[in-house]
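Okay, structure first, notes after.
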Amino acid sequence: MNRLEPVDPAKLAPLKVALLGCGVVGSQVARVITEQAEDLTNRIGCRLELVGIAVRNLDRDFGGLDPELFTDDAKALVSRDDLDIVIEVVGGIEPTRELVLTAIDHGASIVTANKALLAQDGEALFTAAESRGVDLYFEAAVAGAIPIVRPLRESLVGDEITTVMGIVNGTTNYILDQMTTTGADFDDALAEAQRLGYAEADPTADVEGYDAAAKAAIMATLAFHTRVRGADVYREGITSVTSNDIVLARKLGCVVKMLAVLKTDVQGAVSVRVHPALVPSSHPLASVGGAYNAIFVESRDAGRLMFMGPGAGGSPTASAVMGDLVTVARNRVRGVAGPGESVYAQRAMTPMGEVETRYLVRINVVDEPGVLAAAAAIFANHNVSVQTVDQSPAVARDGEDEEIAVLAMMTHQARESDLQAVVRELEERSFTRGTVEVLRVEGK
């Protein structure tokens, strides 16, 4: 039997790599490629050659990187026929989508951190990559340094995943953690997150849940072998979470977390949602603080798995990009491509109104006889069973004759549409003051 002789990496032509974007993540990736060239060659079996970096502005400090590598003509760079791999860390939809598709059309494999693009146009990208026989890897798109894409895409592909639930946005986790541990209100916690660089000047994508929804769509597509887009994800942000919610959660033995919740029901349909929720203090996700991310996976055979780590930042995200780069480069050396998009199942999507979970309903009511009984009857009339009731002492509001109490009613498992019917009727009743606040309860 003949043995294959090991190939000397020095005898192989280098793999040519182009980089789109050179911000916090891109600059870190470029430095690793250039400064750790020998180690990467040994790991891959071939040398990487960084041949171009596309940026919008050439009048900037390149941080010690070779200025000759930089160009402001990204289209020309990705149109080269000699590229092996294109790393995309620019973000956004256009012109990024066109640049990635152009690179694929010219035979380059792709490593990207672009969750928004994948959530919106993943089908087109995967179709193009498959037609050209190239790779599309995206570990950095979901949870920074946490390896979650590859476990869902490869390690657990022989198992049946039933639930993926996690904290996938470090900004919102930091804000809620500050509100819980220091008593800060939302605005102060957000300002501190911005000061520390955890939140952007415009934090909308984070605090309104758009970032988490895109990540949830990507994970659901992988976990359930069903194409899920960002628009398919039910989304609520954390801007309505108050200090009162935090205090009440603690009283109930819970904490408030911004969660992505992906589940299959008994019929096999898929629900994907992103919203703040109460999590019992005993649950593994409850102790995840600061800007960390954590993802909890349940499957038929493997059981319960937990993935945790830094979910954002230059170095953690660059680590995920480099992991994909080494894998894609190894595939190029071997002349193979990794797994493509697995969407054979195409399960039905459960409408949000049909989703079932538990709820904490907080109602400001006039403190008078019969109010609690009337409120409880509304729950019962809409098939929502109340598990516990907590009533705060009545307080007289300034300038008003009436005293107001707060009813906090925890439900058993209930359907979303039934719960919303309860909320509508409560808000129509004369004993209710203000809006009825609802937090879902997960992990119990």
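Things to note:
- Computed over the chain with a Gaussian network model linking Cα atoms closer than 10 Å, the most mobile of Ile404, Ile53, Ile218 is Ile404.
- Modelled FRET efficiency - R0 51 Å, Ser131 with Gln413, Cβ distances, 0.05 increments: 0.65
- Cα gyration tensor shape for segment 352-393, rounded if a/c is under 1.5, else prolate or oblate: prolate
- Environment charge of Pro351, counting only residues whose C-beta is closer than 15 Å and scoring Lys/Arg +1, Asp/Glu -1: -1
- Computed over segment 312-444, the alpha-carbon pair-distance distribution with 5 angstrom bins reads 2, 9, 14, 14, 10, 7, 7, 6, 6, 7, 6, 5, 4, 2, 1, 0, each value a whole percent.
- With a cut-off of 11 Å between beta carbons, the residues surrounding Arg415 carry a summed charge of -4, where Lys and Arg count +1 and Asp and Glu -1.
- Mean Cβ neighbour count within 10 Å, used as a protection proxy, ranking 248-258, 76-86 highest first: 248-258, 76-86
- Helices in the chain that qualify as membrane-span-like (whole DSSP H runs, Cα extent of at least 20 Å along the helix axis, mean Kyte-Doolittle hydropathy of -1.0 or higher) are 115-132, 210-224, 314-334.
- For the listed residue pairs Lys115/Lys263; Lys16/Lys215; Lys263/Lys444, the alpha carbons are over 26 angstrom apart in Lys16/Lys215.
- Looking at the chain, the pairs of alpha carbons with a distance over 35 Å make up 38% of the total.
- One decimal place: the segment Thr204-Gln391 gains 63.9 nm when fully extended, by the rule 0.36 nm per residue minus the C-alpha distance.
- Length gained on full extension, Ala373 to Asp66, computed as 0.36 nm times the residue gap minus the Cα-Cα distance: 103.2 nm.
- Cβ-based net charge around Leu65, under 12 Å, with every Lys or Arg adding one and every Asp or Glu removing one: -2
- q = 0.09, 0.19, 0.21 Å⁻¹: log10 I(q)/I(0) that the Debye formula gives for segment 156-310, counting C-alpha atoms only: -0.28, -1.14, -1.33
- In this simple spin-label model, placing a label point 7 Å from the Cα along the Cα-to-Cβ direction at both Arg429 and Val266 gives a separation of 3.1 nm.
- Residues Thr239, Thr435 arranged by fewest to most Cβ contacts within 10 Å: Thr435, Thr239
No value in this document is a laboratory result; all are computed from the given coordinates. Because the structure is a prediction, the values reported are computed rather than measured. Neighbour counts are summed over all protein chains in view; Cβ atoms, including those assigned to glycine, are modelled from backbone coordinates with ideal geometry.
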